[in-house]
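J.: Once you've had a glance at the structure underneath, I'll fire off some questions.
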Amino acid sequence: MEKYGLIGYPLGHSFSKTYFNQKFEAENIDAEYVNFEIPSIKDLKTVLKENPDLRGLNVTLPYKTQVIPLLDELDEDARQIGAVNVIKFSKGLFGKQKLKGYNSDIIGFKQSIEPLLKESHKKALILGTGGASKAVYHGLKQLGIDPVFVTRTPKEFCITYEEITPNTMRDYTVIVNTTPVGMHPHIDTCPNISYELLTPEHLLYDLLYNPDVTLFMKKGEERGATVKNGLEMLLLQAFAGWEIWQK
């Protein structure tokens with residue numbers, strides 16, 4: 001039986017574990033998916049030693065960047081983003097185990113947002129700088145869109161929410177929320193932007209998917225903007241992870 005898994009801390013409810021084990025059962029794949037809740041990235045070595053049948057791992061917070069020094073190789077997207085959420089296991093020279101890091105967040109995001117893009121979508125605001133924001137940044141760049149990060153406090157190469165002007169809202173017609181603001185149970189909150197300046201030309205993409213329609217999305221819909229949540233991205237990055245493990 002092949003084994004796949006997830007490393008992170010804490011893990012709690014895992015979308016990946018549920019998704020992959022249901023997939024294996026439905027498609028009669030002789031494999032299992034296991035959660036490895038490790039309090040330190042150093043514990044990965046123990047996981048590898050105790051699970052010699054591992055074929056691949058997903059990586060979640062807080063180890064997407066911490067795992068990189070422990071890998072033998074990085075895919076180009078993962079190298080540019082500086083974060084890994086998929087590890088493929090293979091045999092290297094003399095049968096030595098080889099670990100290569102990938103980032104399937106960028107694949108899922110690009111595939112999810114691309115059908116919604118119009119000619120008028122030239123510039124994007126990325127709300128937040130944590131988590132998957134770098135994958136979103138590089139995904140938008142690859143799609144020919146010029147992105148800018150928005151933060152609450154001043155940072156290099158970013159603008160703050162207070163610096164968003166009416167002209168900014170007019171020019172930056174793609175807005176991607178990568179923050180947890182608006183996530184259940186805090187469904188009555190949303191990022192601090194001027195929603196009254198939104199138009200039907202705007203596209204609001206929220207990486208959150210609980211609730212299905214966030215307040216960020218509702219306020220966009222009220223102004224005629226196109227809106228989408230992050231559930232499809234989540235599924236597409238899982239599909240991409242499986243394809244990486246199988247190739």
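Read the figures in this text as sums done on the coordinates, not as results from a lab. These numbers come from a predicted model, not from an experiment. As a convention, Cβ positions derive from the backbone with ideal geometry for all residues, glycine included, and neighbour counts pool all protein chains shown.
J.: Along the positive direction of the dipole of region 2-103 (beta-carbon charges: Lys, Arg +1; Asp, Glu -1; about the Cα centre), which of TYR19, VAL67, PHE36 reaches farthest?
T.: VAL67
J.: To make sure I understand the rule: partners must be aspartates and glutamates, Cα under 16 Å from the Cα of LYS45, and not fewer than 8 residues away in the same chain. Which ones qualify?
T.: GLU37, ASP53, ASP72
J.: Over 29 Å between Cα atoms, which of LYS64/LYS228; LYS88/LYS219; LYS155/LYS219; LYS64/LYS96; LYS100/LYS123; LYS123/LYS247 qualify? Walk me through the intermediate numbers first.
T.: Working: LYS64/LYS228 25 Å; LYS88/LYS219 41 Å; LYS155/LYS219 27 Å; LYS64/LYS96 24 Å; LYS100/LYS123 33 Å; LYS123/LYS247 35 Å.
From the list (LYS64/LYS228; LYS88/LYS219; LYS155/LYS219; LYS64/LYS96; LYS100/LYS123; LYS123/LYS247), the Cα-Cα distance tops 29 Å for LYS88/LYS219; LYS100/LYS123; LYS123/LYS247.
J.: For region 148-184, run through the GluC sites (Glu not before Pro) and keep only the ones in DSSP coil with at most 10 other Cβ atoms within 10 Å of their Cβ.
T.: Values: sites: GLU156, GLU162, GLU163; in loops: GLU156.
Sites meeting the loop and neighbour criteria: GLU156.
J.: On to the next question. Mind checking region 10-101 for GluC sites (Glu not before Pro) that DSSP puts in a loop (not H, G, I, E or B) and that have at most 15 other Cβ atoms within 10 Å? All intermediate terms of the calculation are to be shown ahead of the outcome.
T.: Details: sites: GLU25, GLU27, GLU32, GLU37, GLU50, GLU73, GLU76; in loops: GLU27.
Answer in residue order: GLU27.
J.: In debye, nearest 20, what is the charge dipole magnitude of region 126-247 about its Cα centre with +1 on Lys and Arg Cβ and -1 on Asp and Glu Cβ, if you could check?
T.: Values: 10 positive and 14 negative charges, 56 e Å.
For this selection, approximately 280 debye.
J.: Hey, got the dipole for the chain? About the Cα centre, +1 on K and R Cβ, -1 on D and E Cβ, debye to the nearest 20?
T.: Details: 28 positive and 31 negative charges, 132 e Å.
It comes to approximately 640 debye.
J.: Which ³J(HN,Hα) values in Hz, rounded to whole numbers, follow from the phi angles of region 63-73 under the Karplus curve 6.51 cos²θ - 1.76 cosθ + 1.60, where θ = phi - 60° and Gly and Pro get x?
T.: Once θ is set to phi - 60°, the couplings for region 63-73 become 9, 4, 9, 5, 6, 4, x, 8, 9, 8, 7 Hz.
J.: Taking amide H positions as placed 1.01 Å from N in the peptide plane, with prolines and chain starts having none, which residues 5 or more places from HIS202, or on another chain, fall under 5 Å of its amide H?
T.: Excluding prolines and chain starts, which carry no amide H, the hits are THR226.
J.: Report, in deg cm²/dmol and to the nearest 500, the calculated mean residue ellipticity at 222 nm for the chain, where each DSSP H run with n ≥ 4 adds -39500 (n - 2.57) and the sum is divided by the residue count. If you can, show how the numbers build up before the last one.
T.: Values: 8 runs with 74 residues, N = 247.
Rounded to the nearest 500, the figure is -8500 deg cm²/dmol.
J.: Expressed in whole Å with the largest first, what are the equivalent ellipsoid semi-axes of region 2-103 derived from the C-alpha gyration tensor as the square root of 5 times each eigenvalue? Walk me through the numbers on the way to the answer.
T.: Values: eigenvalues 83, 57, 38 Å².
Largest first, region 2-103 gives 20, 17, 14 Å.
J.: Give me the extension gain from LYS141 to SER90: residue separation times 0.36 nm, minus the current Cα-Cα distance, reported in nm with one decimal. Intermediate results must be reported in sequence, preceding the final value.
T.: Details: separation 51, 0.36 × 51 = 18.36 nm, distance 3.07 nm.
Extending this stretch completely gives an extra 15.3 nm.
J.: Let me ask something else. Mind putting together the pair-distance distribution for the chain? All Cα pairs, 10 Å bins, whole percent per bin, short to long.
T.: Reading the bins upward from 0: 7, 30, 32, 20, 9, 2, 0.
J.: Further question: Would you mind calculating the gained length between ARG152 and THR65 on full extension (0.36 nm times residue separation, minus the Cα-Cα distance), in nm to one decimal?
T.: On the way: separation 87, 0.36 × 87 = 31.32 nm, distance 2.27 nm.
Length gained between ARG152 and THR65: 29.0 nm.
J.: Moving on. If you take the charge dipole of the chain about its Cα centre, with +1 on Lys and Arg Cβ and -1 on Asp and Glu Cβ, which of THR179, VAL227, VAL213 is farthest toward its positive end?
T.: The residue sitting farthest along the positive end of the dipole is THR179.
J.: Another question about this same structure. Amide H neighbours of VAL86 under 5 Å, at least 5 residues apart or on other chains, H built in the peptide plane: list them.
T.: Distant-sequence amide H within range of VAL86: VAL59, TYR102, SER104.
J.: Additional query: Tell me the volume per residue, in Å³, of the convex hull enclosing the alpha carbons of region 105-233. Write out the running numbers ahead of the final one.
T.: On the way: hull volume 12.3 nm³, N = 129.
In region 105-233, the Cα convex hull volume per residue is 95 Å³.
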